[in-house]
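One structure is given here, and the rest of the page talks about it.
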Amino acid sequence: MKSSVEPLKARRIYLLLRDRIIAGDLPPGGRLPGEPALAAEHAVSRVTVRRALDLLEKEGLVQRKPGSGTFVHDSRAVRPIVADLSNVLSHLIDMGRSTDVKLLSFGYVAPPEAIAESLGLKPGERVQRSVRVRLIDGEPFSYLTTHVPEWLGLTYSEAELAARPLLELIERSGVKTERATQAINATLAGPEPAAALDLEIGSPLLTLTRIVHDPSGRGVEHLHALYRPDRYSFHMDLVRIGDDGERRWSPALGRPRASDTAKIDKNKAGEKPTRGSRAIKQRS
C-alpha cells in the first residue's frame, strides 16, 4: 500500500514546488530547501522528495549541483506568454507570425456533434481538422485542435497551414472574421498532448475553446487549445464603470498599450522574438 501512495505524494510535492517556481516565490537562481527540510515540511521520506525533485529536473525547472543543493534553473524561469483577452481577434494572426508551429495532423472528417452545432453545420457536412503545436524559442507551449467547415478548408493546403496562421488563410479566402466567443478552463494532459508539450501525463493545463464567426454569425472556426501554464497566461485590463452605488468592473476593450504595439510591429517586421520578449500578447 505504501509503495502505491509514495508516487502520489512525490507528485503533490512536485506540483507545489513547481507552482512556487512559476509564481516567482522561488526566483531564478534561488536555492530550494534541502531534502531533509522538504521531507520534514511535507511529512514524507527523503526518497519521496528526491522523486519530486527528479520531476522538476526533468522538466528543466531546477538544476542540481552536487555539494551545493538544488537551484531554480535560470533559462527556464522566465515570464510566460501573456494572452490579452481585450483584443482577441486583432491578435490571433500576429501570434502565428511571432511563433513557430508544427503541424501534427491534417484531414477531413465528420465532426463531433457539439462542434457541428457550434459551427452551424448541417447533418453530413464535414470539417477540415488539424492538430498543431506552437513553440517559442523552440519550446512547446500550446496544443491546438481546429475544425473548419469543409468548404472553407478546401481553400488552403496542408503545406500552407504548416507555414501560415489559420485566420490569415481564412480571411484570404474572402471570409471576414468579426467576433469570437471563448471559454477558459483547466484540465489534465492526456497522452498525446503530454507528449507534444513535453509533459508528464496528468500534468495541469489551461484549456481554451473558441468559436470564430463571420459578420452573418456563421461559424468559421472551432478551436480547442491546451496551454502549459508555466509558459502561457491570460491577461485582461478592467475599468470601473457605472453610477455611484452601482459601479462595477468591466473589460477595457480596444485599448492596446504602447508596449504591446511595439512588440507586434517588431514581429511583423520579420524579426525572431528573443528570450527577453517572451511575454508577448496572445496571437494564437
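The values are calculated or read from the model by the stated rules, or taken from the named source; none is laboratory data. If you're wondering where the values come from, they're calculated on a predicted model, not measured in any experiment. Cβ sites come from the backbone with ideal geometry, for glycine too, and all protein chains shown count toward neighbours.
Before moving on, here are some points about what is shown:
- Single residue of S130, S118 found to be closer than 22 Å to T207 by Cβ, touching a Phe, Trp or Tyr at 6+ places or on another chain (Cβ under 6 Å) and either of a type in the set (G, A, S) or in a loop (DSSP other than H, G, I, E, B) (or both): S130
- Condition met for I170 (β-branched (V, I, T), more than 27 Å from V72 (Cα to Cα), out of contact with any Lys or Arg (no Cβ under 8 Å at 6 or more places or on another chain) and part of a helix (DSSP H, G or I)): yes
- Members of region 23-34 found to be surrounded by fewer than 19 Cβ atoms within 10 Å (Cβ to Cβ) and out of contact with any Gly (no Cβ under 9 Å at 6 or more places or on another chain), listed by number: A23, G24, D25, P27, P28, G29, G30
- Per-region count, region 168-184, residues among the polar types (S, T, N, Q) and more than 21 Å from L154 (Cα to Cα): 2
- Within region 183-204, being touching a residue at least 60 places away in the same chain (Cβ under 8 Å) and assigned to a strand (DSSP E or B) holds for one residue alone: P204.
- The residue list D198, D243 contains one member that is within 30 Å of L56 (Cα to Cα) and either among the acidic types (D, E) or not assigned by TED's automatic domain parsing to the domain that holds L103 (or both), which is D198.
- Qualifying residue in region 225-244 (condition: assigned to a loop (DSSP other than H, G, I, E, B) and at pLDDT 90 or above): yes
- Test: S105 is under 20 Å from the mean Cα position of the chain (by Cα), exposed (fewer than 15 other Cβ atoms within 10 Å of the Cβ) and at pLDDT 90 or above: yes
- Lone unmet requirement of (1) among the aliphatic types (A, V, I, L, M); (2) exposed (fewer than 11 other Cβ atoms within 10 Å of the Cβ); (3) modelled with pLDDT of 80 or more for A269: (3)
- Candidates P191, P111, P123 - the one that is touching a Leu at 6+ places or on another chain (Cβ under 8 Å) and not hydrophobic (A, V, I, L, M, F, W, C): P111
- Region 140-159 residues that are under 12 Å from I170 (Cα atoms) and assigned by TED's automatic domain parsing to the domain that holds G107, paired with ones that are of a type in the set (S, T, N, Q) and not in a strand (DSSP E or B) (beta carbon under 8 Å, 6 or more apart): L152/S173; T155/S173; Y156/S173
- Answer from S216, S173 - the residue that is exposed (fewer than 12 other Cβ atoms within 10 Å of the Cβ) and at pLDDT 90 or above: S216
- Checked against (1) modelled with pLDDT under 80; (2) assigned by TED's automatic domain parsing to the domain that holds Y232, D19 passes all but a single condition, namely (2).
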